[in-house]
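*Asks:* Next up is a structure, given as structure tokens.
The values are calculated or read from the model by the stated rules, or taken from the named source; none is laboratory data. What you see is a predicted model, and the numbers here were worked out from it, not measured in a lab. Note that we place each Cβ from the backbone using ideal geometry, even for glycine, and neighbour counts take in every protein chain shown. Calculation scope for accessible area: heavy atoms of the full protein, side chains included, ligands and nucleic acids excluded. Shrake-Rupley method; radii C 1.70, N 1.55, O 1.52, S 1.80 Å.
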Amino acid sequence: MAGSGAGLITNARHGIQAAVRDAGDRVSEPGAPGAGEAGRSDEEREYRSLMRKWWFGAAIGAFTMIFSYPWLFPVLREWLPRGSESVRALWMVMGVLSLAVLIYSGSQFFTGMWASLRTRQANMHTLIAFGTSVAWIYSTIAVLFPRLFPEEGMTEVYYDVTVVVTALVVLGLAMEIRAKGRTSEAIKKLIGLQAKTARVLRDGAEVDVPVEEVAVGDVVIVRPGDKVPVDGVVVAGSSAVDESMITGESIPVEKREGDEVIGATINKTGAFRFRATKVGADTALASIIRMVQDAQATKVPIQRIVDVVSGYFTPAVIILAIVGFVVWYLFGPAPALTYALVVAVTTLIIACPCALGMATPMSLTTGIGLGATHGILIRGGEALQKAKELTTIVLDKTGTITHGKPALTDVIVTNGIADDEALRLAAAVERSSEHPLAQAIVEGAEARGLGIGDAADFRAIPGHGVEAAVDGRRVLLGNVKLMRDRGIDVETLEPQARRLADAGRTPMYLAVDGRAAGIIAVADTIKADSVEAIIALRRMGIEVVMITGDNVRTANAIAREVGVERVLAEVLPQDKAHEVQKLQLERRVVGMVGDGINDAPALAQSDVGFAIGTGTDVAIEASDITLIKGSLRGVVTAIQISRATMRNVYQNLFGAFIYNSVGIPIALGVLYPFFELLLSPILAAGAMSFSSVTVISNANRLKRFRPTVSAA
């Protein structure tokens, strides 16, 4: 029975795969060994194939555009006089070359058209294949049988339409595949963060083993500078561990016996041992990798407007052309067959998808290029379209709103010591420490031009602070517990320390020769333009939410300073994507802005992910839009560009529809009974070309767009 069920499932899967292949799409097995690499190589091969087709079409396109109308060029006018046999011979050559473009460069359009016809649908492939082939067929008939046409002006060729439309659409397909192929790079970079080996205790001896062989319960040894291989709990020793790649917080976390450590984080100063509790697919990093994969796989693509329209437009045009042929053949003047053929072909030529096919990609390409000039890399048209609809922006705190690096903010003194002297002594002690808070103090002293002396008898007191002798004076720098243990009265300084802590800063007490000397405070400072960007977002009608793994007090302090009303604090890395999902369930269109590895799942889950360009490669690869200059003003600019671009797209589509609404009836001959006017195919081609020029010109207007808040 089980075998029968398995057989049914297998047959169903094969049936689904066959249906997908019949529709013209590729099928891959995600569970198969090397499926990811195979998929990437398939995409690369497809991209290179399309680019070869583009260059082939572009080369012949340049030739056909010039020699389709040689009398427009003074150099060629005498050599190729209009209506001469030499022109007709040249057109025959162009017919062969353009047929080669249709067969080679445009093969996927005919394959797609055939697949769509089999499923009784019409898509963009149908529109392109039908329009380009009709232009080629008409041109070939005009060259081989010119006497079929009642007027001399009707014996023109439109091979340039066939070639140029084919080449441009092929280029657009290649660019789309290139953009989509980059999404898998985020997964590759995340996997690359994992430690390759681990030093474990086996039978009382230290042994280096591949990280895959670490088992739950193994005791793992970590030395300074090592990468923590798996998740676990410290059983001996202490250290400061840089967890920024997981938590996004820039300040290393003190680890002592009983504390948890996370795989892929980096040990900084001390050595410790921990017992492995989660290995392999159960580690925090593996969970993040899984979430990025899931979020990228389930993101619903935006339905392309042109595909929907062409599903109705293409069969409608074909039906109208057939109806026009029948009416003119039955009721038209002599020669009825010739007039009927001219009407049908003219209708199809004037409805050729130049304007309609270019309306969306021209604007989107221009918008993406506009973003690049403002330091904003937009992955593709989908991201640009979706950014227009955003109603909520979620901002990661560290590295996004703030610089992501601690800096000296306050020096408060007491008992007669000067500001610079207090800072000089603190910097002299901290210069021997590798802790980021220590580096912030040293850099602050150097920025003031203070001469930092040497410290003697330096000693780090884990979890409390540091002490040393500077210029014969005993200097202590640390938390309130250190001061109380040494019997130093800091009661008068405690209110100011609380005020600094409430403002999101880290206060450290300074004592010199057994007496309180002041407070040195550091903090992850806010970027200068964050407030301006948040105000601009709110004016655009977008709600701004701040998300952070930091404590509530620090998070609220930063939020008050930058003007954010909704704060999500103490959010674990694996919960950031869930918070984005919650907002989406409130029917919000959510943009996520982040810079850290821990932000990657949320960036992938959001409707539009914005990565700070100064952040990690993983965050950049998981995002839809990258802000190269690391400024939140880029988010404002990107949304403004999106809105301007989509307005431009709608204008282009409206213009294309108006053109077809007016042009198709004229091509069908509605003016003939009143004015005896029948649209010539050359005029139809001219009108078609004019509509394309209109679309291009309107798209180029975007280049004059100037954001109200610059990303520079």
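*Asks:* Which order, highest average first, do 95-103, 43-51 follow once you tally other Cβ atoms within 10 Å for each residue and take the mean per peptide?
*Replies:* Values: 95-103: 18.9, 43-51: 15.3.
Order by mean packing, descending: 95-103, 43-51.
*Asks:* Not counting ligands, DNA or RNA, and with a 1.4 Å probe, what is R223's accessible surface area in Å² rounded to the nearest 10?
*Replies:* We get 100 Å² for R223.
*Asks:* So, taking all protein chains as they sit and a 1.4 Å probe, how much accessible area belongs to H464, in Å² rounded to tens?
*Replies:* Around 50 Å² of this residue is reachable by solvent.
*Asks:* Turning to a different aspect of this structure: Could you work out how much longer the chain between D419 and Y329 gets when fully extended? Use 0.36 nm per residue separation minus the Cα distance between them, nm to one decimal. Don't jump to the answer; show the numbers that get you there.
*Replies:* Details: separation 90, 0.36 × 90 = 32.40 nm, distance 9.90 nm.
Stretched fully, the D419-Y329 segment lengthens by 22.5 nm.
*Asks:* Between Y650 and E676, how high is the FRET efficiency from 1/(1 + (r/R0)^6) when r is the Cβ-Cβ distance and R₀ = 45 Å? Nearest 0.05. Don't jump to the answer; show the numbers that get you there.
*Replies:* Working: r = 38 Å, r/R0 = 0.84.
Efficiency computed from Cβ-Cβ geometry: 0.75.
*Asks:* Amide H to amide H under 5 Å from R474: which residues, 5+ apart in sequence or cross-chain, H placed 1.01 Å off N in plane?
*Replies:* Hits under the 5 Å cutoff: D513.
*Asks:* Which value, in Å², gives the accessible area per residue of segment 312-445 when a 1.4 Å probe is used on the protein heavy atoms? It would help to have the intermediate numbers written out before the result.
*Replies:* Working: 4700 Å² over 134 residues.
I get 35 Å² per residue for this part.
*Asks:* A follow-up question, please. At 10 °C and 1.306 mPa s, what whole-number value in µm²/s does Stokes-Einstein give for the translational diffusion of segment 380-437, with Rh from the Kirkwood sum over Cα pairs?
*Replies:* Values: Rh = 15.9 Å.
It diffuses with D of about 100 µm²/s by this estimate.
*Asks:* Using a 1.4 angstrom probe with every protein chain in place, what is the largest-first accessible-area order of S432, S606? The partial results should precede the final answer.
*Replies:* Details: S432 65, S606 0 Å².
Result of the area sort, largest leading: S432, S606.
*Asks:* Something else about it: Quick one: how many Å² of W54 are accessible to a 1.4 Å probe, rounded to 10?
*Replies:* Roll a 1.4 Å probe over it and W54 shows about 50 Å².
*Asks:* Quickly rank 467-473, 272-278, 701-707 as a protection proxy: mean count of other C-beta atoms within 10 Å, highest first. Display every interim value, and only then the final one.
*Replies:* Numbers: 467-473: 15.9, 272-278: 19.3, 701-707: 13.9.
Packing order, densest peptide first, comes out as 272-278, 467-473, 701-707.
*Asks:* Quick one: divide the alpha-carbon radius of gyration of segment 453-598 by 2.2 N^0.38 Å and tell me what you get. List each step's numbers first, then the result.
*Replies:* Numbers: Rg = 20.5 Å, N = 146, 2.2 N^0.38 = 14.6 Å.
Segment 453-598 yields a ratio of 1.40.
*Asks:* Taking the highest mean first, how do the peptides 538-551, 229-242, 623-636 order by number of other beta carbon atoms within 10 angstrom per residue? Can you show the working numbers first?
*Replies:* Details: 538-551: 19.0, 229-242: 20.6, 623-636: 25.2.
Result, highest mean first: 623-636, 229-242, 538-551.
*Asks:* Regarding segment 311-445, what is the average projected area of its C-alpha convex hull, in nm²?
*Replies:* Working: hull surface 61.7 nm².
Value for segment 311-445: 15.4 nm².
*Asks:* Okay, moving on. Hey, any idea what the orientation-averaged projected area of the convex hull of segment 513-595's Cα atoms comes to, in nm²?
*Replies:* On the way: hull surface 31.3 nm².
For segment 513-595, averaging the hull's shadow over all directions gives 7.8 nm².
*Asks:* Under a 1.4 angstrom probe, counting protein chains only, how are M92, M592 ranked by accessible area, largest first? Could the numbers behind the result be given before it?
*Replies:* Details: M92 95, M592 0 Å².
Greatest to least solvent exposure: M92, M592.
*Asks:* Sticking with this one: Return the long-range amide H neighbours of T402 (sequence gap of 5 or more, or a different chain), with a cut-off of under 5 Å between placed amide H atoms.
*Replies:* Amide H neighbours of T402, under 5 Å, 5+ apart: K527.
*Asks:* Could you work out the relative contact order of segment 326-484? I mean the mean sequence separation of Cα pairs under 8 Å and 6+ apart, divided by the number of residues, in percent.
*Replies:* Relative contact order of segment 326-484: 11 percent.
*Asks:* Using a simple spin-label model with points 7 Å from Cα along the Cα→Cβ vector, what separation in nm is obtained for E443 and K481?
*Replies:* 2.8
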